[in-house]
Amino acid sequence: MHDISLQGQVAVVTGAGGGLGRSYALALADAGAAVLVNDTGGALDGQGGERGAAHAVVDEIVARGGHAAANTDSVATPEGGEAIVAHAIAELGDIDIVVNNAGILRDRSVGKIDWNDFQSVHDVHLRGSAHVSQPAFRHMREKGYGRFVFIGSNAGTFGNFGQAAYASAKGGIMSLSGIVAIEGERHGILSNVVCPIARTRMTDSMLDDALDLDPDHVSPLIVYLSSRENTATHQIFSAGGGHFSRVFLGLTDGWFADEKSTAGAIAEHFDDIVSTGHFSVPGSAAEEVAALAARIAESTSGSEARR
Ligand SMILES: NC(=O)c1ccc[n+]([C@@H]2O[C@H](COP(=O)([O-])OP(=O)(O)OC[C@H]3O[C@@H](n4cnc5c(N)ncnc54)[C@H](O)[C@@H]3O)[C@@H](O)[C@H]2O)c1
């Protein structure tokens, strides 16, 4: 076992005034990073603001011998995102790591969507992640190094009843992280998603009290993905209660129609199309299209050879 050091690096953790974000901020600081602890300190639905939350976590970090600064700008606007990144650079001198963790909940099923709530949830989760990531990405691109960790959710990966806004925002976050990963690779910037499962005010009513789902179980993965040692990018992880695993979107080998297909032929080959027995995990849309081009070329040369 070896320690991961973030000595000399600067991390921004959004929504770090409590819950999982607080745990990430403490763990990153314990590993040696200087941390900008961002939080508006609102209620679970994003209303109100107890601006002391970010300061309290900074006090905890300082009491443990770490280095941190508090920030109370909202991730929900482009100006807020710019201000958060500018604050980290001005007060802590740089920005190497961004953990896009801030979040709110306003759950509604599809039939009962309230468009103001839908927008607020997207503003904090999806747009909020982009608002902070764009200025941070520009800064990291200049220096040729950076690590992003986006916080997703199993509601986004696998779906959850009654969370239309939240799950769709988290789904968008997975895609956004993928684009940051693809565009960042040549600049030394890596980006991954972590979908946590932990007991916080967001999940307290949904989880079995008997389970040890302390947020601290998730933080080691955040620290690892934030480090120089990590080389993984464009990936999605699940973490909770001491269990860590990868989540991925795969493309089944499926069925290739040698002749122009019909709906009836689709029905006959449907089991082949959906079978997960053999699959690939394309690294980008271009990789999927390249694989398809190869498959079409193979089929064309086969049918020409048969002629
Ligand atoms: N707890 C879980 O099991 C779980 C599961 C999946 C995903 N998540 C995600 O993890 C993240 C943290 O959630 P949590 O469970 O710790 O809940 P939490 O409510 O304790 O943490 C969210 C934090 O974000 C802050 N915040 C809200 N709006 C903000 C804004 N506009 N700008 C800056 N900060 C803002 C809140 O004040 C709060 O401190 C969220 O993105 C959540 O969706 C949590």
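Where only protein heavy atoms count, and the probe is 1.4 Å, what is the accessible area per residue for region 10-247 in Å²?
Roughly 42 Å² per residue, with all protein chains present.
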**Item:** Euclidean distance of C-alpha centroids, region 41-113 and region 194-235, integer Å
**Value:** 17 Å
**Request:** Please get the size of the charge dipole for the chain, origin at its Cα centre, with Cβ charges of +1 on Lys and Arg and -1 on Asp and Glu, quoted in debye to the nearest 20.
**Result:** 400 debye
**Message:** List residues of region 88-123, by number, whose backbone nitrogen lies under 15 Å from a label position 7 Å along Cα→C-beta of residue 230.
**Reply:** 96-102
**Candidate residues 117, 258: accessible-area rank, largest first, probe 1.4 Å** = 258, 117
**Request:** In nm, give the distance between the simple-model label positions of residue 77 and residue 209, each being 7 Å from the Cα along the Cα-to-Cβ direction.
**Result:** 4.2 nm
**Request:** Show 145, 24 ordered by accessible area, largest first, where the area counts protein heavy atoms only and the probe is 1.4 Å.
**Result:** 145, 24
**Message:** Which one, 235, 47, 119, has the greatest fluctuation when you compute a Gaussian network model over the chain with C-alpha springs under 10 angstrom?
**Reply:** 47
**Asked** DSSP beta bridges in region 160-307, what fraction antiparallel, as a percent rounded to 5?
**Response** 60 percent
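Keeping the other protein chains in place, figure out the carbon and sulfur percent of the accessible area of the chain, with a 1.4 Å probe. Let's see the in-between values first.
Numbers: 8290 of 15610 Å².
The C+S portion of the solvent-accessible surface of the chain is 53 percent.
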**Value of relative contact order over the chain, rounded to a whole percent, pairs C-alpha under 8 Å and six or more apart** = 14 percent
**Request:** Would you calculate the volume per residue, in Å³, of the smallest convex hull containing every Cα atom of the chain?
**Result:** 176 Å³
**Asked** So what's the angle, to the nearest 10 degrees on a 0 to 90 scale, between helix 19-30 and the longest Cα principal axis of the chain?
**Response** 70 degrees
**Item:** the chain: antiparallel DSSP beta bridges as a percent of all, rounded to 5
**Value:** 20 percent
**Item:** residue 238 long-range amide H proximity, modeled H, under 5 Å
**Value:** 195, 245, 246, 247
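Just to verify a number: FRET efficiency for residue 284 and residue 160, C-beta to C-beta distance, R0 = 22 Å, to 0.05? Don't skip to the end; give the middle numbers.
Values: r = 28 Å, r/R0 = 1.26.
Efficiency at R0 = 22 Å is approximately 0.20.
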**Asked** Which of 252, 275, 286 sits closest to the plus end of the dipole of region 251-306, meaning its Cα is farthest towards the positive end, when Lys and Arg get +1 and Asp and Glu get -1 on the C-beta?
**Response** 286
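The values are calculated or read from the model by the stated rules, or taken from the named source; none is laboratory data. Note that the structure is a prediction, hence the values are computed from the model and not measured. For neighbour counting, all protein chains shown are included, and Cβ atoms are generated from backbone atoms with ideal geometry for every residue, glycine included. Ligands, DNA and RNA are excluded from the accessible area calculation, which covers all protein heavy atoms including side chains. Shrake-Rupley method; radii C 1.70, N 1.55, O 1.52, S 1.80 Å.
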